[in-house]
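A short write-up of the structure that comes next.
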Amino acid sequence: MILQTRSTRVLGAVALGSALALALAGCGRGDTGGGGDDADAASPGVTDDSITLGVTTPLSGATAGPGTCTVAGLVAYMGERNAEGGIEFGDGMTRTVEIEAWDDAYDPQKALQNFQQNSGDVFAFTSGLGTPTNRAYRDAAIDEEVPQVLIQTGDPLFSDQAESPWQLGFVPTYMNEGAAFGELLAASGEDITVAVLYQNDDYGEGYFEGFQEAIEGTSVEIVEELTYEATDTSVDAQLTELAGSDADVFFNAMSITPLVISSIEKTKELGWAPSWFLPSNTSSPAAILGPASANADDGFYSVSFAKAPQSPAFAEDEDVQTFLASLEEYSGEYTTTPDFPHCMWSYMIGATLEQAFMDMEEPTRDAFMESLRGISGLEAPLMLEGTSVDTTQDGQPAVSSLVVQKYNGNGYDTAENFG
């Protein structure tokens with residue numbers, strides 16, 4: 001079910017906790033905004049030869065797996081471009097793209113510190129994972145007029161131009177994802193009972209909200225709903241209570257990888273065997289379903305817009321082969337194994353940034369935001385058929401189209417219907 005709602009190698013130097021300031025010639029250090037009084041003055045982080053992007057993301061802790069992937073795919077994509085000599089920008093200059101990444105360990109305060117310490121040295125922040133961490137420095141990015149774009153959070157706040165003029169999300173909103181699964185259940189026309197566990201923050205609430213709206217007035221009934229905190233180390237008590245409902249479906253809006261694995265294991269221990277919905281960022285066959293000993297008969301559903309390298313269906317796919325080769329060549333410092341979809345997403349982010357750079361007629365943050373918001377119908381590498389990048393819709397992230405999928409034991413197949 002498809003729902004509508006791309007010289008020198010990138011070094012991608014990472015400083016875990018602190019980063020050396022870059023001495024970038026010709027970057028107008030006094031200008032922390034989008035162009036200042038002189039419209040022709042370059043913004044921080046860009047010279048005639050290079051542009052530097054910053055990523056604050058979890059490189060340690062429980063979300064380090066997906067967090068590392070938010071850098072790896074981006075470094076791989078820009079590594080390809082730099083090896084070709086760089087990207088020709090809309091102002092006629094050819095530049096290499098350098099990536100600086102800092103660990104925030106999924107801690108909002110650390111994410112804010114990363115921004116404060118480095119906002120004057122990079123052109124824009126991009127790709128970083130997490131709703132609370134991205135929210136932590138959003139106000140500061142607006143105040144300083146620093147782009148915080150194509151970030152990996154489904155929070156719709158980042159795609160509201162009035163509220164977030166220097167922001168843009170990349171992945172579908174949490175509501176988009178929750179609604180996609182709700183619509184799949186509703187379309188079955190069957191009487192279906194659902195138990196819900198969601199993260200007690202904007203992430204979990206967004207998934208649940210989208211799901212509720214999609215099933216309203218249908219024969220799908222929520223019989224139990226509970227929450228957990230992102231800092232929890234166990235949800236066994238919630239699972240025990242939810243299992244008592246004997247619901248047909250478990251809607252599990254959870255972002256913490258170890259908790260998803262333990263949840264799958266715990267439900268088996270309890271003898272509860274519902275069909276599952278997992279968010280796109282915690283549905284990896286290699287990193288989650290495999291370690292949890294899930295199998296195709298368990299009925300795991302998720303949503304996606306990216307080709308999964310682990311899927312036999314894409315074993316010979318040209319995009320996938322290029323991606324894997326680039327990941328191996330340029331991203332060894334981060335990961336060469338795309339166990340999480342964030343690796344593919346950040347690769348697509350690289351392609352979207354390239355398009356914006358090619359249309360950017362001045363080396364300023366203002367010009368970048370203007371060109372970024374004008375992309376439509378971009379079929380970035382690794383995108384599934386029926387999905388594309390469209391940054392022109394206020395209130396929607398760069399990608400809002402999704403494919404509902406079902407786990408087949410190795411990867412995922414498109415789910416035409418539920419059951």
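The values are calculated or read from the model by the stated rules, or taken from the named source; none is laboratory data. From a predicted model like this one, the values you see are computed outputs, not experimental measurements. All Cβ positions, glycine included, derive from the backbone under ideal geometry; neighbour counts span all protein chains shown. The protein model used for the area step is the full one, side chains on, heavy atoms only, and it has no ligands, DNA or RNA in it. Shrake-Rupley method; radii C 1.70, N 1.55, O 1.52, S 1.80 Å.
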Can you run down the residue pairs with Cβ atoms below 6 Å, 6 or more apart or on separate chains, where the first is in segment 364-380 and closer than 17 Å to Pro397 by Cα and the partner is of a type in the set (D, E, K, R) and assigned to a helix (DSSP H, G or I)? Ser371/Asp359
Hits in segment 51-90 (condition: open to solvent by less than 10 Å² (accessible area, probe 1.4 Å) and part of a loop (DSSP other than H, G, I, E, B)): Pro58, Thr63, Phe89
Hey, any hits in segment 290-297 for a residue that's touching a strand residue (DSSP E or B) at 6+ places or on another chain (Cβ under 7 Å) and within 21 Å of Cys69 (Cα to Cα)? no
Out of all the residues in segment 251-264, is one or more crowded, with 21+ Cβ neighbours inside 10 Å, polar (S, T, N, Q) and assigned to a helix (DSSP H, G or I)? yes
Tell me, yes or no, whether segment 140-149 has at least one residue that is assigned to a strand (DSSP E or B) and either of a type in the set (Gly, Ala, Ser) or open to solvent by 10 Å² or more (accessible area, probe 1.4 Å) (or both). no
What is the residue count in segment 318-329 for residues that are of a type outside the set (S, T, N, Q) and open to solvent by less than 20 Å² (accessible area, probe 1.4 Å)? 3
Tell me the residue from Thr387, Thr392, Thr414, Thr337 that is over 20 Å from Asn82 (Cα atoms), β-branched (Val, Ile, Thr) and touching a helix residue (DSSP H, G or I) at 6+ places or on another chain (Cβ under 8 Å), please. Thr337
Given the criterion in contact with a Pro (Cβ under 9 Å, 6 or more places away or on another chain) and open to solvent by 20 Å² or more (accessible area, probe 1.4 Å), identify the matching residue among Ala296, Ala315, Ala306. Ala315
Checking Val303 against (1) at pLDDT below 95; (2) assigned to a loop (DSSP other than H, G, I, E, B): exactly one of these is not met. Which one? (2)
What's the total number of residues in segment 185-214 that are crowded, with 23+ Cβ neighbours inside 10 Å and more than 22 Å from the chain's Cα centre (by Cα)? 4
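Residues are listed down the side, and each one gets a yes or a no for (1) farther than 24 Å from Val235 by Cα; (2) of a type in the set (Ser, Thr, Tyr):
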{"site": "Thr126", "(1), (2)": "yes, yes"}
{"site": "Ala141", "(1), (2)": "yes, no"}
{"site": "Ser164", "(1), (2)": "yes, yes"}
{"site": "Pro172", "(1), (2)": "yes, no"}
{"site": "Tyr198", "(1), (2)": "no, yes"}
{"site": "Gly204", "(1), (2)": "no, no"}
